[in-house]
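Report on the following structure.
What follows is calculated from the coordinates using simple rules that are stated; it is not laboratory data. Worth saying up front: this structure is predicted, and the values here are computed from it rather than measured. As a convention, Cβ positions derive from the backbone with ideal geometry for all residues, glycine included, and neighbour counts pool all protein chains shown.
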Amino acid sequence: MQQKIVLIVSIVVGLLAAFLTRTYLAAKDAEVQQLKADFLKRHDTLEALCFKRDVPSGTVLTKEDIGKITVPKSGLRGQALTLENYYDALNRKILNGHAKGDILFWADLEGGHPSSGGLAADIRKKMRAVSINCSGAAAVSGMVKPNDHVDVIASFSFPKLAEDGRTTIQEIVTCTILQNVLVLATGRETSKSSVVRGDLFGAGSYTMVTLEVTPREAEMLVFAEQIKGRIALSLRNRNDTYYEKELPQVDFAKIRSEIEELNRKRQSEVNGGR
């Protein structure tokens, strides 16, 4: 009988101990969860952009350079770029080199945050921004985008006396007036405000192109438009800094006299000079 009582007491004590242990662990688990919630409340996280690989200074960022990383939000809000800023970082130049895994900050980008300054902040010292009427075919089928480099070609119509010395005719002359010019904006779209569409190339429709030029070049562009010259852009590779010397003015007589030689030279270059 006494043994049965001892056994029953042992079982009750064991059950009580198990209950107390479970209650203790549940309380501790709740405490841990509360501590975790308090930590996240004080140190919330965000999905920040980072560098997927080592990049040197001056790199123009592409999707191959940009990744994401989860970091505490404290101290980074408004300074680090997040997933929603992904397209703001594309095609932007970085000021300093970075290692793989480094967080991408607005201060790393040339021009900084889009709200830090308008177009004026993108213009280099001693340069000017001038907008010209240019769209459609004149802007390479609308494919010209901010940060592209172009040559500016203008056609002018001048009054000229015909061979009889009495009749006035209009003579059209075309010439390249500027080479290797930086495009600051197309319409109201700049490299900062660019919204990359589905194919990552859509720049949208525009009727104006804004170029970065010197003060003297700005005068030439304004004059060309004032005399109703027709301006077209010739798109070039941004890494191509070649300058063509002594480009001639072109009129009908020039084309007629040199078209054969131009085609012969072109075929020679296409065929490797053979």
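Amide H of I66 versus every other amide H placed in the peptide plane: which residues, excluding those fewer than 5 positions away on the same chain, fall under 5 Å?
Hits under the 5 Å cutoff: K52.
For T82, which sequence-distant residues (separation of 5 or more, or a different chain) have an amide H within less than 5 Å of its own amide H, given hydrogens modelled in the peptide plane?
L49
Starting from the Cα gyration tensor of segment 45-116, take the square roots of the eigenvalues, sort them a ≥ b ≥ c, and report rounded, prolate or oblate (rounded when a/c is under 1.5, otherwise prolate if a/b is larger than b/c, else oblate).
Judged from the Cα gyration tensor, segment 45-116 comes out oblate (a/c at least 1.5, b/c at or above a/b).
Among 54-65, 20-31, how do they line up from the highest to the lowest mean number of other beta-carbon atoms within 10 Å?
With the highest mean Cβ count within 10 Å placed first, the list reads 54-65, 20-31.
Through the Karplus equation 6.51 cos²θ - 1.76 cosθ + 1.60, θ set to phi - 60°, convert the phi angles of segment 90-103 into ³J(HN,Hα) values in whole Hz; use x for Gly and Pro.
4, 6, 9, 8, 8, 7, 10, x, 9, 9, 4, x, 5, 6
Below 16 Å, Cα to Cα, which aspartates and glutamates can K265 reach? Residues fewer than 8 away in the same chain don't count.
Within reach: E244.
Can you pick out the pairs among K100/K145; K93/K145; K160/K254; K73/K100 whose Cα atoms lie more than 24 Å from each other?
Table pairs above 24 Å Cα-Cα are K100/K145.
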